[in-house]
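One structure below.
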Amino acid sequence: MAETKKLFIKTYGCQMNVYDSERMAEAMGGAGYEATETAEDADMILLNTCHIREKAAEKVYSELGRMKALKTDRPNLKIGVAGCVAQAEGEEIMRRQPAVDLVVGPQAYHRLPEMEEKIRSGARALDTDFPEEDKFEKLKSRPKAKRAPAAFLTVQEGCDKFCAFCVVPYTRGAEVSRPVDRILTEARDLVERGVREITLLGQNVNAYHGAGGDGGSKTLADLIWQLDKVDGLERIRFTTSHPNDMQEDLIEAHGTCSKLMPYLHLPVQSGSDKILKRMNRSHTAESYLRVIERIRAARPDILLSGDFIVGFPEETEADFQATLDLIKAVEYGQAYSFKYSTRPGTPAAERPLVDDAEATDRLQRLQALLTQQQRDVQNRMVGREVSVLLERQGRDPGQMVGKSEYLHSVHLDAANHQIGEIVRVKVVQSMTNSLTGVLV
Ligand code: SAH
Ligand code: SF4
Ligand code: F3S
């Protein structure tokens, strides 16, 4: 029998990469690899990379420099690059770092086992195609290993929106939705393996329009109602959404589907209509606020999360103030904010930059406001009763850590309870990044 080899995958970027890394690990399981947590004892290292901002992409080259040194002692070690940097800079990675044996783009992961065979014979392999077939169907999964209670499930990939700053339409390709029945099969399989909560993933998940069994196309709300019927699945989430694709049936589901959690990540990027237009976002601050109003009408306690970019080309102080005003109007419970980063090949890359010190200053002011809002929303949870899905042991004996419906981390004493259980908890304290609770 062939000896089991070890695979170390390091994942950068978004949740879709996390999901992809799991699928690749499973596929490589079929090719004789088991996962390891350290690069030092690996036979193959795979970096699953992110290209969204310049810093993210540069990290990959410095990491590759470090990984290359490991080859001196272990000439049989293979190094691969997957993910969005692989897609965007495949040839250049091969040129810049001769220690790289393999480059595979996000739509070609099902070909990874074949590529591994090729590099074992000493060749290098590069595949950044966008093949027609559903790669997830071809990524064969290993026998049913037990899973943590919360899992990701990619239902839609790629993006047709072409925001002027963003690489995703180029690295992930055109928007494609997976058929409903495949998603349901995968969801049932996850539940059998111990999963209680599934987060449906897509770069534009609320534009989901997968084929239903009846030949027609289904919306994300249709899919959620199908998943609602899966016994043993207790919680459903989805991310990331575009404001223009928040259709009525999805908004309504937030009020009527008890398994759908009261949390919505709805990036806006800017509060200035001039900047939104130049970003090619195709919504205005006003239309975004109207969507938020409708969601809150359907589910008043929903926790809202957003993404923001400051220092986009031609952003003035007045434009930035409009973003602060929008944030004040919404009150976010969670947020991600970034300084604009020029991405080669995107439309905005040609435009004049905002002064860097100015952009940094705006980011700090924006983050101060968002942090304050997050704290306020979290502090207001004290005294309330929430449901907590227990995800792991805490630091102290008998302590467990889990997530509330609103995605807050909650610490509690729950010695007689198991990971995967959902318990009712009264929140007693708000800490910096989590809540403390007691069992009800
Ligand atoms: N599909 C999602 C997420 C895209 S990437 C969406 O449409 O919202 C996640 C976030 O990274 C974006 O929402 C945006 O805020 C940020 N981002 C994308 N490109 C960027 C760039 N060039 N510079 C800075 N931030 C960027
Ligand atoms: Fe990027 Fe815009 Fe598509 Fe989101 S909607 S992935 S920001 S192009
Ligand atoms: Fe990064 Fe690609 Fe995700 S660029 S954010 S890993 S889609």
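The values are calculated or read from the model by the stated rules, or taken from the named source; none is laboratory data. Nothing here was measured: the structure is a model prediction, and the numbers come from that model. Here the Cβ is made from the backbone with ideal geometry for all residues, glycine too, and neighbour counts use every protein chain on show. Keep in mind that these areas ignore ligands, DNA and RNA; they rest on the heavy atoms of the full protein, side chains included. Shrake-Rupley method; radii C 1.70, N 1.55, O 1.52, S 1.80 Å.
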Checklist entry - What percent do you get for the relative contact order of the chain when only Cα pairs under 8 Å and 6+ apart count? => result 10 percent
Checklist outcome for this item: Which residues qualify? For Ala335, with a placed amide H closer than 5 Å and at least 5 residues away or on another chain, they are Gly306
Checklist outcome for this item: In whole angstrom, largest first, the equivalent ellipsoid semi-axes that the Cα gyration tensor gives for the range 144-261 are 23, 16, 14
Checklist entry - Can you give me the pair-distance distribution of the range 264-381, C-alpha pairs, 10 Å bins, whole percents? => result 13, 46, 31, 9, 1
Checklist entry - For the range 385-439, what is the per residue volume of the convex hull drawn over the alpha-carbon atoms, in cubic angstrom? => result 67 Å³
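Could you tell me what percent of the DSSP beta bridges with both partners in the chain are antiparallel, to the nearest 5? Write down the numbers at each step before the final one.
Details: 23 of 67 bridges.
Bridges in the chain are about 35 percent antiparallel.
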Checklist outcome for this item: Karplus-derived 3J(HN,Hα) from phi for the range 37-47 (6.51 cos²θ - 1.76 cosθ + 1.60, θ = phi - 60°), whole Hz, x at Gly and Pro, runs 8, 10, 5, 5, 10, 8, 8, 9, 10, 10, 9
Checklist entry - Percent of alpha carbon pairs in the range 353-424 separated by more than 16 Å? => result 60 percent
Item to check | Equivalent ellipsoid dimensions for the range 1-53 as semi-axes, Å, which come from the Cα gyration tensor, largest first | outcome: 22, 12, 7
Next on the checklist: Per residue, how large is the accessible surface of the chain? Use a 1.4 angstrom probe and give square angstrom.
Outcome noted: 44 Å²
Next on the checklist: If each DSSP helix of 4+ residues adds -39,500 (n - 2.57) and the sum is divided by the residues in the chain, what number results at 222 nm, nearest 500 deg cm²/dmol?
Outcome noted: -11000 deg cm²/dmol
Checklist entry - Pick from Arg235, Arg95, Arg296: which residue has the top mean-square fluctuation in a GNM of the chain where Cα pairs under 10 Å get a spring? => result Arg95
Checklist outcome for this item: For the range 382-387, Karplus-derived ³J(HN,Hα) couplings (6.51, -1.76, 1.60; θ = phi - 60°; whole Hz; x for glycine and proline) come out as 4, x, 8, 9, 10, 9
Item to check | Inter-part distance where the range 105-178 and the range 347-417 are each reduced to a Cα centre, Å | outcome: 29 Å
Checklist entry - Each residue of the range 62-77 in order: what ³J(HN,Hα) in whole Hz does its phi give by Karplus 6.51 cos²θ - 1.76 cosθ + 1.60, θ = phi - 60°, with x for Gly and Pro? => result 6, 5, 4, x, 5, 5, 4, 4, 5, 6, 4, 7, 10, x, 7, 5
Checklist entry - Amide H to amide H under 5 Å from Ser272: which residues, 5+ apart in sequence or cross-chain, H placed 1.01 Å off N in plane? => result Thr323
Checklist entry - Just the Cα atoms of the chain, one point each, no solvent: what log10 I(q)/I(0) does Debye give at q = 0.09 Å⁻¹? => result -0.63
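For the range 1-147, what does the alpha-carbon gyration tensor say about shape, rounded, prolate or oblate, given a ≥ b ≥ c as the root eigenvalues, a/c under 1.5 as rounded, and a/b over b/c as prolate?
Details: a/c = 1.40, a/b = 1.09, b/c = 1.28.
Rounded, because the longest to shortest axis ratio a/c is under 1.5.
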Item to check | Fraction of accessible area attributable to carbon and sulfur, the range 5-127 (%, probe 1.4 Å) | outcome: 48 percent
Next on the checklist: Please check: in the Gaussian network model of the chain (C-alpha springs, under 10 Å), which one of Val310, Val85, Val230 has the largest mean-square fluctuation.
Outcome noted: Val230
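May I ask you to derive the FRET efficiency for Glu133 and Lys229 from their Cβ-Cβ distance with R0 = 22 Å, giving the value to the nearest 0.05? Numbers along the way, then the final one.
Working: r = 28 Å, r/R0 = 1.29.
In this case the efficiency is close to 0.20.
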Checklist outcome for this item: Semi-axes a, b, c in Å (a largest) for the range 192-271, each sqrt of 5 times a Cα gyration tensor eigenvalue, come to 21, 16, 12
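So if the hydrodynamic radius of the range 14-86 is defined as the Kirkwood radius over C-alpha pairs, what does Stokes-Einstein give as its diffusion coefficient at 4 °C and 1.567 mPa s, in µm² per second?
Estimated via Stokes-Einstein, D reaches 99 µm²/s.
How large is the charge dipole for the range 5-127, taken about the Cα centre, if only the Cβ atoms of Lys, Arg (+1) and Asp, Glu (-1) carry charge, to the nearest 20 debye?
Working: 18 positive and 20 negative charges, 65 e Å.
It works out to roughly 320 debye.
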Checklist entry - GNM, the chain, Cα, under 10 Å: largest mean-square fluctuation among Gly306, Gly215, Gly420? => result Gly215
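By its C-alpha gyration tensor, with a ≥ b ≥ c as the square roots of the eigenvalues, how is the range 95-180 shaped: rounded for a/c under 1.5, else prolate for a/b larger than b/c, else oblate? Please list the in-between numbers first.
On the way: a/c = 1.97, a/b = 1.13, b/c = 1.74.
It is oblate, given that a/c is not under 1.5 and a/b is not larger than b/c.
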Checklist entry - In the chain, with Lys and Arg counted as +1 and Asp and Glu as -1 at Cβ, which of these residues, Pro169, Gln418, Leu233, has the Cα nearest the positive end of the dipole, that is, farthest along it? => result Gln418
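Assigning unit charges at the beta carbon (Lys, Arg +1; Asp, Glu -1) and nothing else, what dipole magnitude in debye, to the nearest 20, does the range 144-261 show about its Cα centre? Mind showing how you got there, number by number?
Working: 15 positive and 17 negative charges, 122 e Å.
Dipole magnitude for the range 144-261 comes out near 580 debye.
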Checklist entry - Glu405's amide H: which non-local residues (gap 5+, or another chain) put their own amide H closer than 5 Å, with H modeled 1.01 Å from N in plane and none for Pro or chain starts? => result Ser387
